[in-house]
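Engineer: Can you read through this structure? Questions will come right after.
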Amino acid sequence: MYTQGLDQAEPLGDEDLSRLSERFEAKVAAEDKVEPTDWMPDAYRTLLVRQIAQHAHSEIVGMLPEGNWLSRAPSLRRKGILLAKVQDEAGHGLYLYCAAETLGISRDEMVEQLLAGTAKYSSIFNYPTLTWADCGAIGWLVDGAAIMNQVPLCRCSYGPYARAMVRICREESFHQRQGFEIMTVLSQGTPEQKAMAQDALDRWWWPSLMMFGPPDAQSTHNDRSMRWKVKRFTNDELRQKFVDMTVPQAHFLGLTVPDPDLSYNGEHWVFGEPDWSEFKRVLSGDGPCNRERLAARNKAHDDGAWVREAAVAHAEKKRSRERVA
Ligand code: BYC
């Protein structure tokens, strides 16, 4: 872990602080990347640790809904593809934990917060995957929403986060295509298969819109995050872009978006209001699967204790062999 800037030898005076702060703001304004060794305001560090840790947790918890279908994918080909996708998500979680570590928090601390239920992760992963079509809907809608949100994060002002996002977005793009392909096959299949695709769209549409976060007027971090170029678009702007991209895709599939207020105004698809009380309920831990997700992560952590112990024992053995040599 490299946490420079945290270990200054002496406290800074007001003059030094304002000089450093000016230099930091100028760097952000000039679109230069802020690196772990650079001075940064505490609030910037806190904002990034919060967002990157939540993002990492989302990738890790996000393995669970699709993981539920690994043993039941309808063919060997589908199973292989799904397995690769779920493994990618584990990888994304790990890059992101590493990016957060450059800001001075340890992975152990972040994992502890997740397991204790004190850290947030994306609301979307607290919904169940009831049918195979849900794997299609997750790829199409959830990964589609993730790409819409994450491509701008490749231009985030913090270097390690921006660079991690480049690779993540490439992989998300494959994920989105595989989901859309599942939905295409189902929508062109038997009436039962098409009904299954429609049912998945009905259940995942609104939670996908909620992934973008609360409406701008209720977003607590938006202004600061936009000013410091962590976020490049507001929650509402990205939600609108997502709807504009996705509604024609639903029409291509011959499916109906479950929104009676949906209409086209010549420029954008105008859509109804998501149920924000449901969003708040899910965030407060009372969604359909919150408890199940945390229990699964805690069990995986406990089951993996022997691996961590073995790794420590191996490292100790290696060290003592090196001391003797
Ligand atoms: N769910 O002030 P706001 C994936 C929280 S995984 C839960 O607007 P901000 C994938 C927010 O944290 C990709 N909480 O916040 C994996 C804040 O709470 P705190 C997941 C949410 O940060 C596997 C409060 O509400 N993507 O792609 O300016 C399989 C106020 O919100 C949510 C990311 O993590 C939510 N949906 O904007 C398939 C993207 N929304 O911290 C796919 C990175 C808001 O004050 N994150 N909250 O307690 C972001 O872009 C931003 O953090 C957000 C929210 C747009 C999500």
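Engineer: Only one of Ala195, Ala133, Ala137 is closer than 22 Å to Pro274 by Cβ and away from the ligand (no atom under 13 Å from the Cβ); which? Can you show your working first?
Structural biologist: On the way: Ala195 fails: closer than 22 Å to Pro274 by Cβ; Ala137 fails: away from the ligand (no atom under 13 Å from the Cβ).
The unique qualifying residue is Ala133.
Engineer: Of the residues Thr220, Thr234, Thr256, Thr246, which is within 16 Å of the ligand (Cβ to nearest atom), hydroxyl-bearing (Ser, Thr, Tyr) and touching a residue at least 40 places away in the same chain (Cβ under 8 Å)? Spell out the reasoning first.
Structural biologist: On the way: Thr220 fails: touching a residue at least 40 places away in the same chain (Cβ under 8 Å); Thr234 fails: touching a residue at least 40 places away in the same chain (Cβ under 8 Å); Thr256 fails: within 16 Å of the ligand (Cβ to nearest atom).
From the options Thr220, Thr234, Thr256, Thr246, the qualifying one is Thr246.
Engineer: Does Leu294 satisfy being of a type in the set (A, V, I, L, M, F, W, C) and within 16 Å of the ligand (Cβ to nearest atom)?
Structural biologist: Numbers: of a type in the set (A, V, I, L, M, F, W, C): yes; within 16 Å of the ligand (Cβ to nearest atom): yes.
Yes.
Engineer: To continue, here is another question. For residues that are of a type in the set (Val, Ile, Thr) and without any contact (Cβ under 8 Å) to a residue 60 or more places away in the chain, scanning just the range 147-170, find the one that is farthest from Met211 (Cα to Cα).
Structural biologist: Filtering the range 147-170 down to residues of a type in the set (Val, Ile, Thr) leaves 147, 151, 166, 168.
Narrowing the set further to residues that are without any contact (Cβ under 8 Å) to a residue 60 or more places away in the chain leaves 147, 151, 166.
On the way: Ile147: 12, Val151: 15, Val166: 20 Å.
Only one residue fits best here, namely Val166.
Engineer: Just checking, which of His175, His251 is in a helix (DSSP H, G or I) and near the ligand (Cβ under 9 Å from one of its atoms)?
Structural biologist: Unique residue meeting the criteria: His175.
Engineer: Considering the range 254-284 alone, what residues qualify as being surrounded by 13 or more Cβ atoms within 10 Å (Cβ to Cβ) and closer than 15 Å to Gly117 by Cα?
Structural biologist: Of everything in the range 254-284, those that are surrounded by 13 or more Cβ atoms within 10 Å (Cβ to Cβ) and closer than 15 Å to Gly117 by Cα turn out to be Arg281, Val282, Leu283.
Engineer: Would a scan of the range 269-284 turn up a residue that is touching a Lys or Arg at 6+ places or on another chain (Cβ under 9 Å), within 13 Å of the ligand (Cβ to nearest atom), among the basic types (Lys, Arg) and at pLDDT 95 or above?
Structural biologist: Checked against the condition, which is being touching a Lys or Arg at 6+ places or on another chain (Cβ under 9 Å), within 13 Å of the ligand (Cβ to nearest atom), among the basic types (Lys, Arg) and at pLDDT 95 or above, the range 269-284 yields no hits at all.
Engineer: OK, next. Filter the range 101-125 down to residues that are of a type in the set (S, T, N, Q) and near the ligand (Cβ under 9 Å from one of its atoms), then give me how many there are. Spell out how you get there, then give the answer.
Structural biologist: So in the range 101-125, the residues of a type in the set (S, T, N, Q) come out as 102, 106, 113, 118, 122-123.
Still in the running and near the ligand (Cβ under 9 Å from one of its atoms): 122-123.
Of the residues in the range 101-125, 2 are of a type in the set (S, T, N, Q) and near the ligand (Cβ under 9 Å from one of its atoms).
Engineer: When Thr102 is evaluated against the numbered criteria (1) within 22 Å of Leu283 (Cβ to Cβ); (2) of a type outside the set (Asp, Glu); (3) in contact (Cβ under 8 Å) with a residue 12 or more places away in the chain, which criterion, by number, is the only one it fails?
Structural biologist: Of (1) within 22 Å of Leu283 (Cβ to Cβ); (2) of a type outside the set (Asp, Glu); (3) in contact (Cβ under 8 Å) with a residue 12 or more places away in the chain, only one is false for Thr102: (1).
Engineer: While we're looking at this one, here's another question. Within the range 34-67, work out how many residues are touching a residue at least 40 places away in the same chain (Cβ under 8 Å), away from the ligand (no atom under 12 Å from the Cβ) and surrounded by 17 or more Cβ atoms within 10 Å (Cβ to Cβ).
Structural biologist: 4
Engineer: Of the residues Ser187, Ser173, which is surrounded by 20 or more Cβ atoms within 10 Å (Cβ to Cβ), among the small types (Gly, Ala, Ser) and at negative phi? Give the steps one after another, and end with the answer.
Structural biologist: Working: Ser173 fails: surrounded by 20 or more Cβ atoms within 10 Å (Cβ to Cβ).
Among Ser187, Ser173, only Ser187 is surrounded by 20 or more Cβ atoms within 10 Å (Cβ to Cβ), among the small types (Gly, Ala, Ser) and at negative phi.
Engineer: Restricting attention to the range 231-253, does a residue exist that is among the acidic types (Asp, Glu), within 30 Å of Tyr95 (Cα to Cα) and surrounded by 21 or more Cβ atoms within 10 Å (Cβ to Cβ)? Outline the logic, then answer.
Structural biologist: Narrowing the range 231-253 to residues among the acidic types (Asp, Glu): 236-237, 244.
This time we only want the ones that are within 30 Å of Tyr95 (Cα to Cα), so: 236-237.
If we keep only those that are surrounded by 21 or more Cβ atoms within 10 Å (Cβ to Cβ) as well, we get none.
Scanning the range 231-253, I find no residue that is among the acidic types (Asp, Glu), within 30 Å of Tyr95 (Cα to Cα) and surrounded by 21 or more Cβ atoms within 10 Å (Cβ to Cβ), so the answer is no.
Engineer: In the range 254-298, how many residues are assigned to a helix (DSSP H, G or I) and not aliphatic (A, V, I, L, M)?
Structural biologist: So the answer is 15.
Engineer: I'd like to check something: does the range 139-147 contain any residue that is surrounded by 18 or more Cβ atoms within 10 Å (Cβ to Cβ), within 26 Å of Val247 (Cα to Cα) and in contact with a Lys or Arg (Cβ under 8 Å, 6 or more places away or on another chain)?
Structural biologist: Scanning the range 139-147 turns up at least one residue that is surrounded by 18 or more Cβ atoms within 10 Å (Cβ to Cβ), within 26 Å of Val247 (Cα to Cα) and in contact with a Lys or Arg (Cβ under 8 Å, 6 or more places away or on another chain).
The values are calculated or read from the model by the stated rules, or taken from the named source; none is laboratory data. Note that the coordinates shown come from a computational prediction; the quantities given were computed from them, not determined experimentally. Here Cβ is always computed from backbone atoms with ideal geometry, including for glycine, and neighbour counts include all displayed protein chains.
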